[in-house]
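J.: Got a structure for you, questions after.
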Amino acid sequence: MPPQGRELALFQAGELICGLEINCVQEIQRQTAITAVPRAPYYVRGVINLRGVIVTVIDLRRKFALEPRPKDAEGQIVIIRQGEESVGLLADAVSDVVAADEDDIEAPPLNLDGVAGRYFKGIYKQEHMLVAILNVEELLAVNNE
Amino acid sequence: MAAFIDDQETLQAFKEESLEHLNGIENDLLAIEEAGADLDQELVNKVFRAMHSIKGGAGFLGLDAVKSLAHAAEDLMNKIRNAELLPTAPVISSLLEAADVVTRLLRQTGNGPEIDITVPLAALRAALTAAEEPGPAAVSPTSAEAGPPAAGEDEALSEPLLAVHRAEVDNLRLSGQQILLLKYDPISSPEGRGLAALLADLGGVGQTLGVRLGEQEIALPVSEPEGGRLPATILYATLMDKEMLIAFAGLGADEVRELPAARPDESVSTPRSLPAAGTSEATAAAPSPSPSPAPQRRAGDDSAKSGQDGSLRVNVRLLDSLMALAGELVLTRNQFLQVFHSQGRLELEAVSQRLNLVTSELQEAIMSTRMQPVGNVFNKFKRVVRDLAQKLGKEIELSIEGGEVEMDKTIIEALADPLTHLVRNSVDHGIERPADRERAGKPPAGLLEIKAFHEGGHVIIEIVDDGAGIDTARLKEKALGMGTHDRAQLDAMPERELLKLIFLPGLSTAREVTEVSGRGVGMDVVHANLSRIGGVFDIASKKGRGTTITIKLPLTLAIIPSLIVSLAGERYAIPQVNLVELVRVPPGRVKERIERIGAALLIRLRGELLPLIRLAEVLGVEERVFCDPQTGEAQRCRRWRVEDRRQPAGSEAEHEGQAPPDPGPDQRQARERRSSPDSAINILVLSAGKFRYGLLVDTLLDSEEIVVKPLGAHLRGCQIYAGATIQGDGRVALILDVAGISKVMNLEALADRLPARDKEMGQVQLDAQSLLLVRNSPQEQLAIPLILISRIEKISRRQLEVTGGRLNMQYRGVSLPLFGIEEAARVAPVNTEAAQLSVVVFPFGGKEIGILVSEVIDIVSFSAAIDDTTHKQPGIMGSAIIMGRITMLVDLFEVVATVMPEWVKYTQLAAAGPGQGQHILVVEDSAFFRRQICDFVSAAGYQPFSAQDGLEGFAVLEREKIDLVLTDIEMPNLDGLELTARIRADSRWARLPVIAVTSLSGEAAERRGRKAGVDEYLIKLDREKIIQAIGQHLRR
């Protein structure tokens, strides 16, 4: 766990508020036309065209086995780097950027609202909410079965 | 010029340059060896110069090992050049070996294992001492014609001018040295200092690159008596500036001249000699007294030219970015076109055309910078084949064609290893030792052909050898040993399938693992690597005759022409490379064209059955949506499945309840009347390498050139995509991987069971029969030759009618008489109480007849023996073990003839007509078919004579008066085509009708047959057609 305080981008996936260290985030896109990819792993929502590059979009709700989003709800895509390629995380909405005090960050529980704890690096506690800080490596682990 | 140049950079530049030289050297040396005594001075000089400049650079950079080898090689080349040494195989071998070691030394980065140079060096020295020993050996007849040696020195060069490699000079410049041209004039030289003394002085502070003495360039080092007091020109490189050198060497200011860099951009290097130092190649060649070039020089000339065609090296990264830009431009154009078409503004038209043109041109130009001749790879094989053949004690004549065919760099590079593997395989396993070849009646030297040519937008590469062919028996053993197949499976496999076993991982047919091959890198890896670059692989082999491997490759990978299709609102691109043809089935003809056997759909295409798969099923998009042409709205397609219109109620159960309820016959008819173009069915016939299949798509959009972009790591496991592309509207379309789809959907297994297709490429023809397996009761399996069947219909019991005591059904407005096999033969009867039955429809005497069976099981390809005694009875030709069960072969004709003997007179088979009693020769190796054919020939009133193969048939022909020949194609000893050729070659039988009968159909096979002189090409068991043809030919 890195020691210093960090800036977190906060976004929502279902009931869950997720946080991602701001330096992981490449950019945030309004949900554009996502092309579905039949036979893709269940958590892949599809692919988008990001200025000429094909970016795989991972649906956080599906990944966390949360309730599926209403059909025509607009979401936002958080673009992050994974090695050589960019990957998009589909969230319901990107809400805020906060500076999190390291003291308010705790180790993740075994699971959080039914989502496996391995997807999180820690829990950032605020007065009226809990922010799950995403473990990008685990989240983006390629699962091709 | 930069004052501080990184040493590493100099070293790198030297390495690159030297490696380039070495690359060419190999072929040059081989050409020199081939030319033998008939020396090609030009070529020899080229190699000499290359070695010379490597030696020079290596000395400068302190690469001693490289320098010693290059030096020794240079000496040896000098001997060859002076015709003191014949370029014999051992000499060339030592030079090749030296070049290899130098290459390895240069490639070596950092602290790899030390490379030992003692062996190659000793080899070079040995060759050199051999030349120096007196003896009758080394003087070639052309030596008299070579340039007169200067000053009696054996080191004197026949080439009169200073030739220093430009790149060498460039390298020196890069390292901060000045290039100077010094004049040595014995008159003005202080204290009468000789040339050698001057050079010795100069040697301490710089590097002498070349010396021209009078009209001759002389080799270094220069010894004192040489040249004596003649004026000389010295090309010299030093770190000192001009003034310092003048003072140091005691030369006059006008005797030292700086040579300016030829071009400011040093990175672009052309391997030409420095103009000031040696003028051009043309003048160098002019004084040469040698007569017109010997014919053997061809190969050498080519390579010499290719080294000097002014090519420039371009950074691949730059090219890649150009490619990306061109790709973007293509996309922009697509976008623009789309906007343009939707707005319909006329004024945009000119701009649009311009943009289109420019984009295409730019794309083409940039693509062409990436294009390289495939000869770059092919030429390496001269060496590979030569060395291997020597090692294995084989004689191989290598023929390379089409080296000039160009392909994308990426493809060429990816091609090198698989091709090398294939060539080595041919040399190692394919071509036999000379003694074995002679025993087999072949010339002792094997022929290995490597060809490249264009065909329909692809490049085809063929590797053809006339060796032993692939031993399928051995393949079988191997496969058995590996446990991938069992004996029964293997025995049932036709030859074509057996050859495919070679792609199994870990399978090598070499008797033992040799150094040459069988190192675990199998054909499976070759196959996989070629597939990765879009290569389609085919293999044909005939035991004792040789093997042909064909690889079909795309010209380029980055931008590919594709067909865009849409399904459920999304678009998909299918590379045109894989598209064989487009079949549009009008709504009214779906029934006849599309068949269903078990769970599999098949399409009948010109007599061939192909597996058919729905794109919707591949993608798991079951809900079919189509765009209403009027409203543009997406609607759910009402038609559920293509084949459902002949599916009676109840059959939907197979689809796990996903299907809508059967709408009933009225509604079904209403649907059938729909005739809007939307309801036609589009089938893309795709080639997935070793076989073809049909893909059923909803809507065909357009042909487009698309830019291939890779998919992310999460999607690589999908297999059915080859990438993605961006369309005009900015949306992503997925590119379908045709081979991947067939794998995922397991179509190959299905295709394997379908009737063998006659391959275009001279694939070995097999006597395999495709059989339709049917049954009336679970205990009894029956088989019907598929080739005689026109259709298979699934019907419901309700469709059966009884008229005049016989079963019928209404079918396409006429009544189709139905027969049960049990009416003629003692087999289990059809269960007419079952809800569903199948009807096998076949032609009989100009009309159609249906055979009613309870169930269609499968289609199999079968080539084993048929027992025509045990179960022989009316309506049954014989029996065989198929899929582990005793299976009775139904004789369709006899079934009908037994039940309705009076119908026979409607057919051509009735014994009547003028041809009665005429003699017919039946040549057929299978006893079963021979008897079958003889039976119906004699039933038709002719007198059959039989023979087991072409040789025997020919003997009968000599003995008897024969009126017509019926011959099988595939036979031992003398096959049908050869027999026909022999008949045609003999004037006695020039007009004798020859009818070929085979178990395979196909245009290519038929063409070959006609070429050999066959009058008619027919299917073995199609007795009506055969008898009809016999009648026609005998009447003539």
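Rule-based calculations on the coordinates, nothing more; no lab input. In this text, all values refer to a predicted model and were calculated from it rather than measured experimentally. Here the Cβ is made from the backbone with ideal geometry for all residues, glycine too, and neighbour counts use every protein chain on show.
J.: Under a point spin-label approximation (7 Å from Cα along Cα-to-Cβ), what is the B:Glu438-B:Glu364 distance to one decimal in nm?
T.: 5.6 nm
J.: Holding the Cα-Cα limit at 24 Å, pick out from A:Lys63/A:Lys121; B:Lys55/B:Lys409; B:Lys394/B:Lys442; B:Lys552/B:Lys591 the pairs that are longer than that.
T.: Numbers: A:Lys63/A:Lys121 16 Å; B:Lys55/B:Lys409 31 Å; B:Lys394/B:Lys442 13 Å; B:Lys552/B:Lys591 35 Å.
Table pairs above 24 Å Cα-Cα are B:Lys55/B:Lys409; B:Lys552/B:Lys591.
J.: Would you mind pulling out the separation of the Cα centroids of region A:8-79 and region B:558-620, in Å?
T.: When both Cα centres are located, 33 Å separates them.
J.: Which residues in region B:461-494 have a backbone N closer than 20 Å to a point placed 7 Å from the Cα of B:Thr870 along the Cα-to-Cβ line?
T.: B:487-493
J.: Could I ask something else about it? Let me know the charge dipole size of region B:910-1035 about its Cα centre in debye, to the nearest 20, where only the beta-carbon of Lys, Arg (+1) and Asp, Glu (-1) is charged.
T.: On the way: 16 positive and 19 negative charges, 78 e Å.
Computed charge dipole of region B:910-1035: roughly 380 debye.
J.: Short version: ³J(HN,Hα) in whole Hz for each residue of region B:956-963, in order, from phi by Karplus 6.51 cos²θ - 1.76 cosθ + 1.60 (θ = phi - 60°), x for Gly and Pro, what are they?
T.: 4, 4, 5, 7, 10, 8, 10, 9
J.: For B:His527, A:His128, what ranking results if the residue with the fewest other Cβ atoms within 10 Å of its Cβ goes first?
T.: Numbers: B:His527 21, A:His128 4.
Fewest-to-most Cβ neighbours within 10 Å comes out as A:His128, B:His527.
J.: So, one more: Under a plain spin-label model, where a point goes 7 Å from the Cα along Cα-to-Cβ, how far apart in nm are B:Val314 and B:Ala89?
T.: 4.4 nm
J.: Could you pull out every residue, at least 5 positions away or on a different chain, whose amide H is within less than 5 Å of the one on B:Ile882? Hs are placed 1.01 Å off N in the peptide plane, and Pro or chain starts have none.
T.: B:Thr887
J.: Separate question: Just check region B:374-554 against the gyration tensor rule for me: Cα atoms, a ≥ b ≥ c as the square roots of the eigenvalues, rounded for a/c under 1.5, and otherwise prolate or oblate depending on whether a/b exceeds b/c.
T.: In terms of gyration-tensor shape, oblate.
J.: Still on this structure: Report the label-to-label distance for B:Leu951 and B:Ser703 in nanometres (one decimal), using points 7 Å from each Cα along the Cα→Cβ vector.
T.: 5.2 nm
J.: Ratio of Rg to Rh for region B:389-484, alpha carbon only, Kirkwood? Walk me through the intermediate numbers first.
T.: On the way: Rg = 16.0 Å, Rh = 15.3 Å.
Across region B:389-484, the Cα-based Rg/Rh ratio is 1.05.
J.: Extension gain B:Ala990-B:Gln335, at 0.36 nm per residue separation less the Cα-Cα distance, in nm? Before the final figure, lay out each step's value.
T.: Working: separation 655, 0.36 × 655 = 235.80 nm, distance 6.58 nm.
Roughly 229.2 nm would be gained on extension.
J.: Mind checking which of A:Leu20, A:Leu139, A:Tyr42 is farthest towards the positive end of chain A's charge dipole, using Cβ charges of +1 (Lys, Arg) and -1 (Asp, Glu) about the Cα centre?
T.: Farthest towards the positive pole: A:Tyr42.
J.: Please list, ordered by chain and number, the residues whose modelled amide H lies under 5 Å from the amide H of A:Gly122; skip anything fewer than 5 residues away on the same chain.
T.: It is A:Ile133, by chain and number.
J.: Calculate the dipole size of region B:374-554 relative to its Cα centre from +1 charges on Lys and Arg beta carbons and -1 charges on Asp and Glu beta carbons; express the result in debye to the nearest 20. Don't jump to the answer; show the numbers that get you there.
T.: Numbers: 26 positive and 28 negative charges, 79 e Å.
Its charge dipole is roughly 380 debye.
J.: Measuring from a point 7 Å past the Cα of B:Thr118 along Cα-to-C-beta, which residues in region B:33-73 have an amide N at less than 16 Å?
T.: Those under the cut-off are B:65, B:69.
J.: While we're on this one: Under 5 Å between amide hydrogens, which residues at least 5 positions from B:Leu605 or on another chain qualify, with H placed 1.01 Å from N in the peptide plane?
T.: B:Leu610
J.: Expressed as a whole percent, how much of the Cα-Cα distance distribution for region B:318-372 exceeds 12 Å? List each step's numbers first, then the result.
T.: Working: 977 of 1485 pairs.
Counting pairs separated by more than 12 Å, the tail of P(r) holds 66 percent.
J.: By its C-alpha gyration tensor, with a ≥ b ≥ c as the square roots of the eigenvalues, how is region B:36-132 shaped: rounded for a/c under 1.5, else prolate for a/b larger than b/c, else oblate?
T.: prolate
J.: Also, quick follow-up: About its Cα centre, what dipole magnitude does region B:318-372 give when the only charges are +1 on Lys and Arg Cβ and -1 on Asp and Glu Cβ, stated in debye to the nearest 20? If you can, show how the numbers build up before the last one.
T.: Values: 4 positive and 6 negative charges, 12 e Å.
The dipole magnitude comes to about 60 debye.
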